[in-house]
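K.L.:
Could you have a look at this structure, given as structure tokens, before my questions?
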Amino acid sequence: MSKASYSYPPDEFDASPDPDSPRGVHRAPRSAWSRWWPFVAVIVIVPLVAWAAVTYLAGRGQLPDIPGVAGTSTAQATGPTDGAQPTGSAQATAPAAPTTTAAPPVELGTPVSVLNGSKIAGLAKKVGEQLSAAGFTKVTAGNATSSTPTASTVFYGSESLKATAELVAQTIKVNAVEMSATEAPSGITVVLRSDPSA
């Protein structure tokens, strides 16, 4: 359409555009804050997050040992406080707990031989009945053939029978208890030189 055939009067849209005016989509200039806030976030927020993470892990005891950094080594945290220099390994070690050996159990089925070495008739049988009444199941009575020992004694053949022999001695009131595989080769042997209950 030519300008001569245009029937409408000219208006502001027909004016020539100003060459200095913006064209197309126009954006306002960015503020100083919008340009600087990413740097502020890196400088302030990242160290805060790192500090919070370190504090959390330190509270749970999961920080690794870092040489040259105070507070991260177990040896530094538990080292001597009196000014003494640690020697040997840098790791603090707790003293070993004392080892205790459990006492062997009492075996009431252990063979117990009661030998009468006194001049009291029937003493071995009497003492044997006391042991049977206390729960011992393999008690035999007999006569001693040796003059030793001179005092009433309970012999046991191995360390595993010590607790059982002590119970035998306690039951019949005999004070001497000795380990001897010769005198008690198959269990426990009681040699009576007097009546323990007298």
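K.L.:
What do you reckon, is Val190 touching a Phe, Trp or Tyr at 6+ places or on another chain (Cβ under 8 Å) and either without any contact (Cβ under 8 Å) to a residue 60 or more places away in the chain or in a loop (DSSP other than H, G, I, E, B) (or both)?
P.N.:
no
K.L.:
While we're here: Residue check, Glu166 against (1) modelled with pLDDT under 90; (2) part of a helix (DSSP H, G or I); (3) of a type in the set (D, E, K, R), all met but one. Which one?
P.N.:
(1)
K.L.:
Taking interchain pairs and intrachain pairs at least six residues apart, which have beta carbon atoms under 6 angstrom, with the first residue in region 147-163 and within 17 Å of Lys119 (Cβ to Cβ) and among the polar types (S, T, N, Q) and the second in a loop (DSSP other than H, G, I, E, B) and modelled with pLDDT of 90 or more?
P.N.:
Ser152/Val174; Ser152/Arg193
K.L.:
For region 148-163, which positions are in a helix (DSSP H, G or I) and surrounded by 20 or more Cβ atoms within 10 Å (Cβ to Cβ)?
P.N.:
Passing the criteria: only Leu161.
The values are calculated or read from the model by the stated rules, or taken from the named source; none is laboratory data. Remember, it's a predicted structure, so these values are computed and weren't measured experimentally. Every residue, glycine as well, gets a Cβ built from its backbone with ideal geometry; the counts of neighbours run over all protein chains shown.
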